């Protein structure tokens, strides 16, 4: 599900989970384990990448629709742990967004220290609210971290998605490049981060992210049970099933 490839001082972690790189419990747990494992290695910096025109389409809604509340009770903790592991990863992490980054895919990219997106007919944004899913605290916290306050409400409350240049203007990505230049540019950014003394980078990154983590933990404690209840509500399940059916029809 996650392949690794060394490029000098940088390791590429590549999502390989079908065509859409959809996040299910297994992939989320593997992401968490990968970040925990790489902390202990001598590798200086990382690029998070994917193959094909979909970087990550977000949560696997097919499994969510079929699994119901029992699956959701396993999924949300796995999502929280994976996003937290990515966001607190002390080494440099650059997202190479090769295509669509939707919902949880957009949030996963937001965990990185820099986001480079390929120019093309691709969309990025967070769409959970359109099917009645309130943001888990870890997901909203990461979006709050990358979006200016003037942009955050539009991003979080509308469910809109944007093309690469529109995303750049809103701060969802840091750079837009031609598709053929994407990986090289992401590697260059990661290599530049790797040139910074590791301890100084890690401690500075920790301070930059501490307020966001405190807010995530506070919201998780206060709202986590209500958010889980909302995700398990019958009307949300029906909305997800309708969206999945619509998506299947569109793909035919």
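We did not get these values from a lab; they are worked out from the coordinates using the rules stated. Keep in mind the model is a prediction, meaning the values are calculated, not measured. Neighbour counts run over all protein chains shown; Cβ positions are idealised from the backbone, glycine included.
In the chain, helical runs assigned H by DSSP with n ≥ 4 each contribute -39500 (n - 2.57); averaged across all residues and rounded to the nearest 500, the mean residue ellipticity at 222 nm is -18500 deg cm²/dmol.
Highest GNM mean-square fluctuation among 152, 75, 142, for the chain modelled with Cα contacts below 10 Å: 152.
State the Cα centre-to-centre distance between region 1-74 and region 180-252 in whole Å. Cα centres, region 1-74 to region 180-252: 12 Å. In plain terms, the residue of 106, 232 with the fewest other Cβ atoms within 10 Å comes first and the most crowded comes last, giving 232, 106. Springs join every pair of Cα atoms under 10 Å in this Gaussian network model of the chain, and among 150, 210, 98 the largest mean-square fluctuation is at 150. Seen against the Cα atoms of the chain and their longest principal axis, helix 198-231 is set at about 0 degrees.
Structure remark: mean-square fluctuation, Gaussian network model of the chain, C-alpha springs under 10 Å; the largest value among 92, 136, 197 belongs to 197.
Against the chain, whose longest principal axis comes from its Cα atoms, helix 149-158 is set at around 40 degrees.
Across the chain, the relative contact order, built from alpha-carbon pairs under 8 Å that are at least six residues apart, equals 21 percent.
For the chain, the longest principal axis of the C-alpha atoms and the axis of helix 182-194 are separated by about 60°. With neighbours defined as other Cβ atoms within 10 Å of a residue's Cβ, the residues 100, 145 order from fewest to most as 145, 100.
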